[in-house]
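No value in this document is a laboratory result; all are computed from the given coordinates. Computed from a prediction, not measured in an experiment: that's the story for all the values here. Quick reminder, even Gly has a Cβ in these numbers, built from the backbone with ideal geometry, and neighbours come from all protein chains shown.
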Amino acid sequence: MSQHVVETPVSPETQAFAILRFAPAIELTDDQFFALCRQNRDLRLERTAQGDLIVMPPTGFETGSHNSSITGQLYVWAKNDGTGIACDSSTGFTLPNGADRSPDAAWVKRERLAQFTAEQKRKFLPLCPDFVIELRSPSDKLEDVQAKMEEYLENGALLGFLIDSTNRSVHVYRAGVAVSVLAGVLEVSAEPELPGFVLNLRDIWEPNL
């Protein structure tokens, strides 16, 4: 009988997720993976392009507060701008390479959403967001988050911010451009991709918790 291999985190400080190797023993369809996520709402599930399932527990209070600040700022800008829709960390996207990812915050142009039916929008959209933000938590390995950001670009993202609160830096990813690292900045602009959107980092660098 085939068995799944579970990679248990070495320690909470170094890794906060588990990887379940499904393929080739089991290959979940998109609908089956979506149903699995709905049945395990207390977990944040992602799936790699190879079919491996990544299981992440709920975030700690501080990371959750930071995520709220990021998503809130993007939501307010998106409502005022009107050209796209902002999403939070519970939103799943099926990338062109077959991976299922849930960025900490994302934005998609309305013109791209027009091609999907109402039923499709109730599930994970089969596209890569135009803009993504990933917040590195203290338990995340930097290289793991960097690899995820590169995956977004390879699958069509125009812009991405990797926020490293541990080192107080922002890694800016743009299609066709070398990654730039901004250290100690209090804000970062998303122009020209998102005209007028500037992410304020003060609450992340110096949270009032």
Separation of alpha-carbon centers, the stretch 55-91 and the stretch 139-174, rounded to whole Å:
16 Å
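Fewest first, what order do Leu28, Leu186, Leu158 take by the number of other Cβ atoms within 10 Å?
Lowest count first: Leu186, Leu28, Leu158.
First select every other residue whose beta carbon is under 14 angstrom from the beta carbon of Gln73; then total the charges, Lys and Arg +1, Asp and Glu -1. If you can, show how the numbers build up before the last one.
On the way: positive: Lys79, Arg202; negative: Asp81, Asp88, Asp104, Glu187, Asp203.
Once positives and negatives cancel, what remains is -3.
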Stokes-Einstein translational diffusion, the chain - Kirkwood Rh over all Cα pairs, 0.890 mPa s, 25 °C, in µm²/s:
138 µm²/s
For the stretch 61-205, what's the relative contact order in percent, using C-alpha pairs closer than 8 Å and at least 6 residues apart?
17 percent
If you count the DSSP beta bridges with both ends in the chain, what percent of them are antiparallel, to the nearest 5?
85 percent
